[in-house]
Ligand SMILES: [Zn+2]
């Protein structure tokens with residue numbers, strides 16, 4: 001696979017289970033950075049080092065383009081913008097899709113709301129008091145708050161927004177699912193797509209974690225956005241974590257079949273006996289770790305809602321606890 005020499009992948013540490021994330025520097029005029037890494041000293045040091053290896057510093061960055069609003073991708077955007085403030089009008093522009101813009105414009109409020117939504121899903125799933133994660137709300141808030149900060153202003157991207165670069169024009173493809181404002185940036189000249197966390201080589205995109213952002217089921221949005229990638233046959237994906245995906249079409253097909261098996265499995269777990277969201281998540285995902293509880297519950301809930309929309313499950317709420325049965 002031929003990746004133009006203007007593109008430099010910079011691996012940046014994160015405090016999260018996923019491990020490192022990828023920032024991409026595109027040399028030329030303008031100098032572009034796609035995703036930044038979280039706001040922590042080790043990440044900033046890795047970014048500076050990666051830029052330097054290519055002959056650049058933070059002050060050389062003209063545009064920061066964010067694939068989506070998760071803090072492991074956005075946390076250093078504020079730092080980079082501040083480093084370039086003195087340039088005045090031409091200071092670094094931070095670009096993100098509108099549907100994720102709140103995550104970087106109001107990081108603190110957004111993060112506190114997220115923590116509340118994590119607690120809410122554990123409560124409504126019917127998790128026993130002795131099995132709940134023991135972390136107090138204040139601890140969780142301050143844990144997440146330290147890895148990001150609000151940026152004062154952003155440029156809003158939308159479907160079709162074009163960005164001129166030295167490797168050709170990038171066109172924005174809005175692919176909601178992994179987050180509401182997830183975008184891929186497609187370079188048709190180089191047959192490349194910066195895929196953020198929409199397409200990853202070996203790990204799941206976990207779309208269900210965005211479960212409370214809208215009434216729409218985020219897994220349904222994700223599967224729809226996955227279908228759009230079929231138009232990029234022969235392209236190489238440069239993802240937000242780990243190695244490039246050289247055979248994009250096969251990876252898309254593989255993900256499509258994974259989601260369809262997950263749905264079949266969930267259907268097999270349901271019976272005429274009402275079971276709580278938590279019980280069903282244990283049947284679906286087995287003996288998962290307490291740290292994966294929110295993700296397992298959110299994904300179970302999405303699968304149930306999809307089955308409900310197909311007339312294959314009935315979801316009921318009893319005394320604030322979500323339960324489901326097979327519909328026939
Ligand atoms: Zn993400």
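Residues that are without any contact (Cβ under 8 Å) to a residue 24 or more places away in the chain, assigned to a helix (DSSP H, G or I) and surrounded by fewer than 18 Cβ atoms within 10 Å (Cβ to Cβ) within region 286-309 comprise 292, 308, listed in sequence order. On the stretch given as region 154-194, residues that are more than 23 Å from residue 2 (Cβ to Cβ) and over 21 Å from the mean Cα position of the chain (by Cα) total 0. Listed by position, the helices (runs of 4 or more DSSP H) enclosed by region 13-85 that each have at least 2 residues that are farther than 19 Å from residue 205 by Cα, modelled with pLDDT of 95 or more and away from the ligand (no atom under 15 Å from the Cβ) are 41-53, 77-83. Scanning region 233-256 for residues that are in contact with a strand residue (DSSP E or B) (Cβ under 6 Å, 6 or more places away or on another chain) and assigned to a helix (DSSP H, G or I), which turns out surrounded by the most Cβ atoms within 10 Å (Cβ to Cβ)? Among those that are in contact with a strand residue (DSSP E or B) (Cβ under 6 Å, 6 or more places away or on another chain) and assigned to a helix (DSSP H, G or I), it is 248. Going by the structure shown, is residue 129 away from the ligand (no atom under 16 Å from the Cβ), at pLDDT 95 or above and not assigned by TED's automatic domain parsing to the domain that holds residue 62? No.
The values are calculated or read from the model by the stated rules, or taken from the named source; none is laboratory data. All values derive from a computational prediction rather than experimental measurement. With ideal geometry, Cβ positions are generated from the backbone for all residues, glycine too; neighbour counts draw on all protein chains shown.
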